[in-house]
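Q: A single structure is presented below for examination.
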Ligand code: COA
Ligand code: AMP
């Protein structure tokens, strides 16, 4: 069937469409209802369905002739290691680790926090939770202890899983001190902390609650998979909202399984037995969906990569991995491509490797600039496909869908709505806009299966943050437009969320931290354009009267503070001291004007500005500090 037929069926015969797609999943009990609403009026997919996501990812394939096929290929460029796991091996490791978790008291419905680098044990930990019906919450290793503490306090895990260290280029990062520090900040204390000792660094285990992963697993007995309901949460993954409190996106088991199976074929044209590689850290949504669950539920082979696109050891690493493991479908963030392009503009490394198995090169996570798209297309001579999704959706919502036969690629566009998503552009006053009119990107309810049914233990925040602005629509937080062919163009966030190296961060949260410094009278943290990272946050600070002496050390102190509270991935490195911030007469800081000025974009002097002189003052401060592409290029 063509994309158009499928898309139209998904909107006009929604339940028939998804009933049919749901049949590709091996349910223990097929759902009684496809789409329903709960008592709060929130949509739910596949009511009455019973399944187990670990069974679908592993046991199903072992039972159906794929036991000896590679399920996971771990390729660590930072430790020079390759380890392959067949479906049977991965099932056995997972069952045994689930047995250990069960011995530690983890049961269906309990939560487990995972703070680990991209190593196979992180995947085993996730799948073991799914096997027991426990809910995992993976926290990215680049987050500081404070961020980890927020997530521990919110999820109240029974057990924490971690490794003794992560490796950043050549730098060893011991994890235990970070976890210990986080636990000092939280009221909630997990019963156990299971630590995988890596050769590069051994953690000191000091209490009975701290358990050596490999030692303990030796005596554990394999645990069987349990039956869960469609609506039971599989995992929670926190993402940045506009405030200091991250949003706990909940993924349910039933909708997720169907979305994974459907998208692997329809979006990525990847089938059982074929090799898929999403080059993302396990801490991000991309890896949850397309390193762990998507490829495994699909019976494909997934590559788990530990390293960076450059300097591990060089800008040829990605091409080496693709060639060595015969990757058919690849997925990364545009930042990674920009990093490679910077080091190897001529693509000399690309030509060293046989990339004949590679069919598709997908990018997402941030806007893919045309120069990056053109470079990758020219160098690879393969389709480079930009597509758009969010942690909230868990799978792509706008895409040029390979599974229906690729459409013409339009540089700058993220493609058409994926079946199941009625995506519209709306004006701030709620009018649906036509082609080429820019506005807010919204989705008519219901969202597709696999999308967040709610936020962790917070229906109210879910409704307020996403559903209450325009009745019957989900607010994505992005702005953009579509053309006459219904191909969409995403122009960026409309809120205080920014994308740094494809990592979603909250400038609002950073502002709260900057504002807490005793010398700061007021501040704005704004995401400005960065050649490599897409965006990076910069602080604009007004110093309190009488605190002028603090100016000299303020930048260093704030940089340290954000690094310590949010983490190094915030890449907060500059503070511009200004006399005043540009504001409206009602006192709202004109952040968009600050950003546009830094990025060298044209902007109109807002009619509501309190004092136009603040704009000149701001320009002078940026010029002096040499912050923003407008003042450095
Ligand atoms: N644990 C600890 N620290 C981490 C970390 C982790 N898991 N991940 C990143 N960091 C640190 C980095 O070491 C760096 O620290 P520094 O300031 O001391 O140098 C800082 O956080 C910023 O990291 P990053 O923005 O990743 O910069 P980088 O120079 O290390 O690497 C790229 C640059 C482009 C190679 C890298 O950002 C990249 O591979 N990006 C792809 C993005 C991606 O996969 N996104 C996932 C969504 S699809
Ligand atoms: P995350 O939840 O971390 O996946 O971030 C989601 C946000 O990243 C979206 O709301 C967009 O702002 C941005 N984003 C993701 N993919 C793209 C893309 N292909 N083009 C532009 N922005 C994107």
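Q: Inside region 376-395, can you point out the residues that are more than 9 Å from ligand 2 (Cβ to nearest atom) and in contact with a strand residue (DSSP E or B) (Cβ under 9 Å, 6 or more places away or on another chain)? Working first, answer last.
A: Pass one, region 376-395, residues more than 9 Å from ligand 2 (Cβ to nearest atom): 376-385, 394-395.
Listed by number, the residues that qualify are 376, 377, 380, 382, 383, 384, 385, 394.
Q: Now a separate question. Which of the residues that make up region 243-267 are in contact with a strand residue (DSSP E or B) (Cβ under 6 Å, 6 or more places away or on another chain) and part of a loop (DSSP other than H, G, I, E, B)?
A: 246, 267
Q: Shifting gears a bit: Name the pairs: first residue in region 333-345 and farther than 11 Å from residue 534 by Cα and in contact (Cβ under 8 Å) with a residue 24 or more places away in the chain, second residue more than 8 Å from ligand 1 (Cβ to nearest atom) and part of a loop (DSSP other than H, G, I, E, B), Cβ to Cβ under 6 Å, at least 6 apart or on different chains?
A: Filtered contacts from region 333-345: 340/315; 343/315; 344/315.
Q: OK, next. Pairs please, first residue from region 493-515 and within 16 Å of residue 334 (Cβ to Cβ) and touching a residue at least 60 places away in the same chain (Cβ under 8 Å), second anywhere and more than 13 Å from ligand 2 (Cβ to nearest atom) and assigned to a helix (DSSP H, G or I), Cβ atoms under 8 Å, 6+ apart in sequence or on different chains.
A: 500/570; 502/336
Q: Moving to a separate point now. What residue, of 142, 109, 125, is outside any strand (DSSP E or B) and in contact with a strand residue (DSSP E or B) (Cβ under 6 Å, 6 or more places away or on another chain)? Show your work before the answer.
A: Details: 142 fails: in contact with a strand residue (DSSP E or B) (Cβ under 6 Å, 6 or more places away or on another chain); 109 fails: in contact with a strand residue (DSSP E or B) (Cβ under 6 Å, 6 or more places away or on another chain).
Answer to the selection: 125.
Q: Can you tell me which of 211, 172, 236 is assigned by TED's automatic domain parsing to the domain that holds residue 461 and within 16 Å of ligand 1 (Cβ to nearest atom)?
A: Working: 211 fails: within 16 Å of ligand 1 (Cβ to nearest atom); 236 fails: within 16 Å of ligand 1 (Cβ to nearest atom).
Matching residue, one of 211, 172, 236: 172.
Q: Looking at region 269-288, I want the residues that are farther than 17 Å from residue 402 by Cα and have a partner that is near ligand 1 (Cβ under 8 Å from one of its atoms) and assigned to a strand (DSSP E or B) with Cβ atoms under 8 Å, at least 6 apart or on another chain. Which pairs are those?
A: Partner pairs satisfying both residue conditions: 279/331; 279/332; 280/331; 280/332; 284/503; 286/278; 286/331; 287/278.
Listed here are the residues, each with its yes/no results for (1) part of a loop (DSSP other than H, G, I, E, B); (2) more than 16 Å from ligand 2 (Cβ to nearest atom); (3) at pLDDT 95 or above; (4) outside the structural domain of residue 529 (by TED's automatic domain parsing).
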position	(1), (2), (3), (4)
269	yes, yes, yes, yes
281	yes, no, yes, yes
303	no, yes, yes, yes
319	no, yes, yes, yes
339	no, yes, yes, yes
358	yes, yes, yes, yes
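Q: Looking at 273, 255, 316 in this structure, which one is away from ligand 1 (no atom under 16 Å from the Cβ) and either within 16 Å of the chain's Cα centre (by Cα) or surrounded by fewer than 23 Cβ atoms within 10 Å (Cβ to Cβ) (or both)? Spell out how you get there, then give the answer.
A: Details: 255 fails: either within 16 Å of the chain's Cα centre (by Cα) or surrounded by fewer than 23 Cβ atoms within 10 Å (Cβ to Cβ) (or both); 316 fails: away from ligand 1 (no atom under 16 Å from the Cβ).
None of the other options fit; the residue is 273.
Q: Now for a different question. List the pairs whose first member sits in region 54-67 and is farther than 14 Å from residue 261 by Cβ and assigned by TED's automatic domain parsing to the domain that holds residue 124, whose second member is assigned to a helix (DSSP H, G or I) and modelled with pLDDT under 95, and whose Cβ atoms are under 6 Å apart, counting only residues at least 6 apart or on separate chains?
A: none
Q: With the requirement that a residue be outside any helix (DSSP H, G or I) and touching a residue at least 24 places away in the same chain (Cβ under 8 Å), what does region 539-566 give you? Step through it out loud before you land on a result.
A: At the first step, the residues of region 539-566 found to be outside any helix (DSSP H, G or I) are 539-547, 566.
Correct list: 539, 540, 541, 542, 543, 544, 545, 547, 566.
The values are calculated or read from the model by the stated rules, or taken from the named source; none is laboratory data. Computed from a predicted model, the values in this text were never measured in an experiment. Here Cβ is always computed from backbone atoms with ideal geometry, including for glycine, and neighbour counts include all displayed protein chains.
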